[in-house]
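What follows is a single structure, written as structure tokens, with notes after it.
Quick note: the coordinates plus some simple rules give every number you see, no bench work behind them. Predicted, not measured: the structure shown is a model, and the values here were computed from it. Heads up, the Cβs are rebuilt from the backbone with ideal geometry, glycines too, and the neighbour counts pull from every protein chain shown.
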Amino acid sequence: MFITFVWKQITQWILPLKLKINLTSLQEKYTAMGQDMASYLDGLLYADFLTYWDYIHLDTLLSLQSPKTPFPDEEIFIMYHQITELYFKLALHEFNQVAEHKNLNVEFFTTRVKRINAYFNALTTSFEVMVDGMEKDQFLKFRMSLLPASGFQSGQYRMIEISATDFIRLTDKSKREALKEASIEEQFEHIYWKFGATELSSGKQTLTLKQFIKKYAAQFLQLAKDRTLTNFSALYHNLEAQGADVRLLAEELRKLDLYVNVEWPLSHYKSAVRYLEKDPTDIAATGGTNWQKYLPPRFQKRIFYPFLWTDEQMDEWGRGWVLSVLKTLKNKD
């Protein structure tokens, strides 16, 4: 009883003091902004309490699916791509935190890369929704109504690539040596994904690619310039040159390299093989892209951090994964 009595006395003394301190701090805050604190306190009397559904705009979020066909599985297709873009936004949030940090250190950098890896892990492990979560007949029908739109046109994914590495690493591998001293604009003309959206018969740019370049080219070029010294590769080398212990950071960057350049594109490859491989006439369902040569990492050799891999590892880049996927799908069929 005595302890309870003492505790009541203490709280009766502390709470008013804390309230007084908080009110003083609020008064200083609003005075500094030229505002009247009393008016804001009056507003609190009439403000409603925040709800979960209002805070995350749930009703709006759940209304953003607008299928173009009557096939039920199209809604799955839409929602999964929306989820993907939200994860990409989370990743870019972390990329920007690192790039814009005024006094970047290894601990902060490593923590943010771990977050990005967690997002990509969620994406790659959930992609079975796209591989086995839709009926093939439905997919092949509703997908044709969406042309020329394609997941190829994800601008955020390209921004992730630009933020992750030196821009030259994103050019077609056959042109990299010749483009080392070229401007960003010249390198952009040979960026690898432009060769993944060409017509199979003529080799000309697809409408999918033309739309994409028209919408995003200026943003990509500006970001590439802004990230010349603040992409993850450049920042890693800078910390290493300062003598920082970058071993844990290197481990996370290797994981990021695999997630973005092996696991994620091969998840798409697995889906494309599942739905499109048996009938070449269905190639248009990828927006007209020549996906057989564009998606497999062993062809493109997109590697953000070659300095973190051995020559043997780079030679075998993605090869075993492709073969295992094809074998698994063949056994299923």
* Under the Karplus curve 6.51 cos²θ - 1.76 cosθ + 1.60, θ = phi - 60°, whole-Hz ³J(HN,Hα) for the stretch 110-115, x wherever Gly or Pro sits -> 4, 4, 5, 5, 4, 4
* To do: Using only Cα atoms, locate the centre of the stretch 203-260 and the centre of the stretch 138-153, then give the distance between them in Å, rounded to an integer.
  => 28 Å
* Segment residue 118-residue 144, length gained on full extension (0.36 nm per residue, minus Cα span) -> 6.1 nm
* Order of 78, 162 - criterion: other Cβ atoms within 10 Å of each residue's Cβ, fewest first -> 78, 162
* **Relative exposure of 171, 228, 198, judged by other C-beta atoms within 10 Å (fewest first)** => 228, 198, 171
* Placed amide H near residue 171: partners under 5 Å, 5+ positions off or other chain -> 192
* **Full-extension gain in nm, residue 36 to residue 59, via 0.36 nm per residue minus C-alpha separation** => 4.8 nm
* To do: In whole angstrom, note down how far apart the Cα centers of the stretch 159-199 and the stretch 52-131 are.
  => 25 Å
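Given the peptides 188-194, 48-54, 81-87, arrange them by the average over their residues of other C-beta atoms within 10 Å, most packed first. Mind showing how you got there, number by number?
On the way: 188-194: 17.7, 48-54: 8.3, 81-87: 14.7.
My ranking of the peptides, most packed first, is 188-194, 81-87, 48-54.
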* Theoretical FRET efficiency, 1/(1+(r/R0)^6), r = Cβ-Cβ of residue 314 and residue 51, R0 56 Å, to 0.05 -> 0.60
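Which order results if 259, 55, 30 are arranged by neighbouring Cβ count within 10 Å, fewest first?
Lowest count first: 55, 30, 259.
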* At residue 307 and residue 129, where each label point lies 7 Å from the Cα along Cα→Cβ, what is the point-to-point distance in nanometres? -> 3.8 nm
* Could you list the trypsin sites (Lys or Arg not before Pro) in the stretch 67-138 that lie in coil according to DSSP, counting only those with at most 15 other Cβ atoms within 10 Å of their Cβ? => 68, 102
* Alpha-carbon gyration tensor eigenvalues x 5, square-rooted, for the stretch 195-253, Å -> 37, 15, 8
